[in-house]
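Take a look at the structure below.
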């Protein structure tokens, strides 16, 4: 594992359980606006004292906005902090104060009607928790396939505020790939499995793609899963638009994935590039919502 691949796995989780619980108390007493103000102050402090974060954030922002300055970097980090905090609120069912726009929810409704399983392919862009919350309301079962070893604190908080959430989390363990059997069970039961497709390093295949004017490595594991499980893939993104507003998007990506041996590499490459092209469209819609704070480009 070298370069950008897997670098996020070596990142130390920031914050503390005490800090998260203090924010939840501030929210309970003074409301979300006060909690967001605290998060903006914390973001300012963090950016000022972390040269690496300033560098990686600005490197990305140069690709999507003109001449980003320090306050653009602070806004980027603050947006990440706000979305992370809102994840807890959504998980706890405290979503009454949010304004949520939706596009493409008819695709999820059709999957539910047909009792058909599918992979929901997203990214570290905005908040997937919004999509899961809205899906739960409509009787859709969404499981999350992810690596949680360097996100134990926020995961513990999410499980504390939503005790049943752990049952819908499928932890990726590269050393014990039996988690694939759990994914198969979910798909065969007509459930949805969410995968974030913009970080490598977990032992899956990798394709190098054109993305935001540079070259980036993206995983191809989701396409291999869809091929083996004979299920469709839908792209899903939950963009944070500022204030209390989120916008949810769902669109078809692949009705089926066929990977014959002779063409496997080329087809994986084409799927990864198509994903990168669509991700770029959504990143440009909400540029401060993309949360990969490491040397991403290869």
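No value in this document is a laboratory result; all are computed from the given coordinates. Bear in mind the structure is a predicted one, so any value in this text is a computation, not a measurement. So basically every Cβ, Gly included, is an ideal-geometry build from the backbone, and we count neighbours across all protein chains shown.
Annotations
- When you count the other C-beta atoms within 10 angstrom of each residue and take the mean per peptide, 247-255, 27-35, 231-239, 260-268 line up highest first as 231-239, 247-255, 27-35, 260-268.
- Once the chain from residue 34 to residue 147 is taken as fully extended at 0.36 nm per residue, the excess over their C-alpha distance is 37.5 nm.
- Computing FRET efficiency as 1/(1 + (r/R0)^6) for residue 182 and residue 67, where r is the C-beta to C-beta distance and R0 is 35 Å, gives about 0.15.
- Per-selection Rg to Rh, the stretch 251-298 - Cα, Kirkwood hydrodynamic radius: 1.08
- Calculated P(r) tail over 23 Å for the stretch 20-122, as whole % of Cα pairs: 49 percent
- Diffusion coefficient, µm² s⁻¹, Stokes-Einstein with Kirkwood Rh over alpha-carbon pairs of the stretch 18-69 at 10 °C and 1.306 mPa s: 125 µm²/s
- Pair-distance profile P(r), taking every C-alpha pair of the stretch 7-289, with 10 angstrom steps and integer %: 6, 27, 37, 23, 6, 0, 0
- Gap separating the Cα centres of the stretch 217-249 and the stretch 81-150, nearest whole Å: 10 Å
- Solvent-free Debye scattering, log10 I(q)/I(0), computed from the Cα coordinates of the stretch 198-280 at q = 0.21, 0.26 Å⁻¹: -1.04, -1.33
- Pairs of Cα atoms nearer than 8 Å and 6+ residues apart set the relative contact order; for the chain it is 26 percent.
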